[in-house]
């Protein structure tokens, strides 16, 4: 359930749209929320968009403006007043990432067409013809049952609520609908819930996904059932699971109460079965933002099984007190800057790039070959990426340290433009000429000793073969940032370009930020239509109860295991190595058995 | 199979399906939950634009209509001053939330939009054949060529690309099957059970279907 952990809801009493009067604010992080109206109106406007009132969902204008280093959004509802929220906590980064925004193709066969062609977006969803980006990652919910009861979660079935658990035929039908999308269907599917391993036929579901042609099959999971039942890891791997997209909110017990104690077992099961893991921290300011660097270090310690860390700044869904919202809000640039601080500059702000950058490679290959490739036309504010190489001496090398990423992508873009309108042979000639020039963007003196990046790029471009990346994949770590929206920072333009979609049993396909932000008319409504009432479920599943689904752990027993101490007690601080500057990562601590003090450097 | 004849809750030969409870349709021997079958679609036209106010308020009205459990879909068209609602009527044979045209008229009135029920067009609507079937198998409304190509260039290349995609899919499937065999061979003991299951499936000539 990791991607859905971004949603955080508190039934609050305060009006979330109240206007604050100027008051002395010491914390610069909170200051942008406390300007006067006159001050805000005097600040430079960067852009205008359509957003929603968090109270009544009226479509209103959102003004995106610069407040010092911050990019903010303000919106005024005639009935509920002004709402101010952080959009992007770094103006320079915003302007840099914005350069590569582009409109994609969308769907040639949208699931839901309206006479108004989606004019009432985001309330015309289904997917409509207005949508600009094809499905890049499809989510399919296979159950709303969960073995945990996280206090901030609204996805799992509570006592007496209907059970949503489609059968295999219904799930296969959703898979087929996704593969039927034109001009290009998604290659990647994420099976989610609730907790998907609660579905009794989860292995068959993965098998079906492979049969229907999905190359990448992910399970969005706590991992607990896999850790407790290692056989399941083998079965899932054999069936075709590529990775576990696994919740991991931090290295310590306090920051990761969800599955801290089971992580060692999960890693072992994944290690033995060769399952890959993506660690997915939901980042909430004041709760776990101090362990971002330590999380990356943890991932590097487990590079044989961890493929990536995908940070998800929290999505604040539901009414919550304004003060709490301000304190807990964190955006992608802030998380990136915290990583830079916590890793002592080893992973810098400039090492990150937005998703549309990479779209230029796919456009190049498409222009050369005439074959559809993934269109990475997501909104630039939705995510960011960084690629780390870990050399044989432990040196951590971000891709941008030896590749002029910006220059390379611009060069490829220009080549794509040059190919337009040319015949097949002329395109090939242009491409060959461009490939010969790739070397000037790569500093071979700084690249990892174990790879020849120029040759690797040529292989990708000439053979369109991304599997060559797998050859050195054991020594790399992908870092991602994915920030799902909420009603406070909602930007309809981002929704129109969303690539993370949910397939629904009624045939509709919904972007993440309509499915989850307006669950009352999408997720919950449609799932309820297709759910089994509690009484019917209990009749057809004799002996089943809601409480029997719940996992109860014995923390002391788990903490006393060898695996636990091996995982948390033997961590190496890679950032403290002399090749990486010699300074320890922030909040790195080594757990010790009870009776001994935890050690480490803060 | 003519979808309009698909029975709910029973097999195509009249036999009870699955658990024998709940609304389902059977397609080619497979069971799919179907919360609705015959519902209603009402269109209110010639509304006063002054009451719809503007596009943002029309969108919000659409959202408010969708909040009602008995409303399956709603579309408020500000430009044509029209509201279309697909709803689960009071006499529907299902256990989902229900409503009536009269209740919808009242709700709209509370929102400041006064409709004339006598001029409303309220017809039967087959949820299964109209909404469900079309969503799962939507029509193609345009054709986008690959980047850098015109529509004419693409129409000359399309069949070659489709053939290549089919060949690629087959190759990928074969490669995955070979990998599965090598994975089983590399792991002993604990996956013997999986290996035996896989062998018997291969012998049967099919996997889950």
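Got a sec? Which of A:360, A:354, A:377, A:367 is under 29 Å from residue A:449 (Cα atoms) and within 14 Å of another protein chain (Cβ to nearest Cβ)? Break it down stepwise before answering.
Numbers: A:354 fails: within 14 Å of another protein chain (Cβ to nearest Cβ); A:377 fails: under 29 Å from residue A:449 (Cα atoms); A:367 fails: under 29 Å from residue A:449 (Cα atoms).
Answer to the check: A:360.
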Check every one of the helices (runs of 4 or more DSSP H) wholly within segment A:167-274 and list those with 3 or more residues that are within 30 Å of residue B:170 (Cβ to Cβ).
A:168-179, A:202-211, A:230-239
Residues that are exposed (fewer than 13 other Cβ atoms within 10 Å of the Cβ) and within 13 Å of chain A (Cβ to nearest Cβ): list the helices (runs of 4 or more DSSP H) wholly contained in segment B:94-191 that include at least 1 such residues.
B:151-186
Selected residue (criterion: modelled with the highest pLDDT) from residues of segment A:122-144 that are at the interface with chain B (Cβ under 8 Å from one of its Cβ atoms) and buried (at least 21 other Cβ atoms within 10 Å of the Cβ):
A:123
Looking at segment A:241-254, can you tell me whether even one residue there is surrounded by fewer than 23 Cβ atoms within 10 Å (Cβ to Cβ) and in contact with a strand residue (DSSP E or B) (Cβ under 6 Å, 6 or more places away or on another chain)?
yes
Within segment A:321-332, work out how many residues are over 23 Å from the mean Cα position of the chain (by Cα) and outside any helix (DSSP H, G or I).
1
Restricting to segment B:64-82, count the residues that are at the interface with chain A (Cβ under 9 Å from one of its Cβ atoms) and assigned to a loop (DSSP other than H, G, I, E, B).
4
Being in the same structural domain as residue B:46 (by TED's automatic domain parsing), under 19 Å from the mean Cα position of the chain (by Cα) and closer than 30 Å to residue A:492 by Cα narrows B:131, B:61 down to just B:131
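Here is a check on your reading of the model: is residue A:530 surrounded by fewer than 22 Cβ atoms within 10 Å (Cβ to Cβ), in contact with a strand residue (DSSP E or B) (Cβ under 6 Å, 6 or more places away or on another chain) and under 25 Å from residue A:126 (Cβ atoms)?
Details: surrounded by fewer than 22 Cβ atoms within 10 Å (Cβ to Cβ): yes; in contact with a strand residue (DSSP E or B) (Cβ under 6 Å, 6 or more places away or on another chain): yes; under 25 Å from residue A:126 (Cβ atoms): yes.
Spelling it out, residue A:530 is indeed surrounded by fewer than 22 Cβ atoms within 10 Å (Cβ to Cβ), in contact with a strand residue (DSSP E or B) (Cβ under 6 Å, 6 or more places away or on another chain) and under 25 Å from residue A:126 (Cβ atoms).
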For residue A:103: the one exception among (1) surrounded by fewer than 24 Cβ atoms within 10 Å (Cβ to Cβ); (2) facing chain B (nearest Cβ under 8 Å)
(2)
Count, please, the residues in segment A:492-529 that happen to be more than 19 Å from residue A:54 (Cβ to Cβ), in a loop (DSSP other than H, G, I, E, B) and within 11 Å of chain B (Cβ to nearest Cβ).
5
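Taking segment A:235-290 on its own, how many of its residues are on the phi > 0 side of the Ramachandran plot and under 19 Å from the mean Cα position of the chain (by Cα)?
1
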Scanning for something under 18 Å from residue A:112 (Cβ atoms), surrounded by fewer than 17 Cβ atoms within 10 Å (Cβ to Cβ) and in contact with a helix residue (DSSP H, G or I) (Cβ under 8 Å, 6 or more places away or on another chain), does segment B:65-78 turn up at least one residue?
no
Subset of segment A:373-385, residues at pLDDT 90 or above and in a loop (DSSP other than H, G, I, E, B), comes to A:377, A:378, A:379
Scan (1) in contact (Cβ under 8 Å) with a residue 60 or more places away in the chain; (2) touching a strand residue (DSSP E or B) at 6+ places or on another chain (Cβ under 6 Å); (3) away from chain B (no Cβ under 12 Å) for the single condition residue A:155 breaks and write down its number.
(2)
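Yes/no per residue for (1) in contact with a helix residue (DSSP H, G or I) (Cβ under 8 Å, 6 or more places away or on another chain); (2) at pLDDT below 85; (3) surrounded by 20 or more Cβ atoms within 10 Å (Cβ to Cβ):
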{"residue": "A:400", "(1), (2), (3)": "yes, no, no"}
{"residue": "A:407", "(1), (2), (3)": "yes, no, no"}
{"residue": "A:423", "(1), (2), (3)": "no, no, no"}
{"residue": "A:432", "(1), (2), (3)": "no, no, no"}
{"residue": "A:456", "(1), (2), (3)": "yes, yes, no"}
{"residue": "A:490", "(1), (2), (3)": "yes, no, yes"}
Restricting attention to segment A:255-266, and to residues there that are surrounded by fewer than 24 Cβ atoms within 10 Å (Cβ to Cβ) and touching a residue at least 24 places away in the same chain (Cβ under 8 Å), which single residue is farthest from residue A:292 (Cα to Cα)?
A:265
Selection from segment B:51-63 of residues that are facing another protein chain (nearest Cβ under 8 Å) and buried (at least 18 other Cβ atoms within 10 Å of the Cβ):
B:56, B:57, B:58, B:59, B:60, B:62, B:63
Is it true that some residue in segment A:280-294 is closer than 17 Å to residue A:196 by Cβ and surrounded by 20 or more Cβ atoms within 10 Å (Cβ to Cβ)?
yes
Identify, by number, the condition in (1) within 25 Å of the chain's Cα centre (by Cα); (2) under 19 Å from residue A:63 (Cα atoms); (3) without any contact (Cβ under 8 Å) to a residue 40 or more places away in the chain that residue A:79 doesn't meet.
(1)
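The values are calculated or read from the model by the stated rules, or taken from the named source; none is laboratory data. Quick caveat: nothing in here was measured; it's all calculated off a predicted structure. Neighbour counts are summed over all protein chains in view; Cβ atoms, including those assigned to glycine, are modelled from backbone coordinates with ideal geometry.
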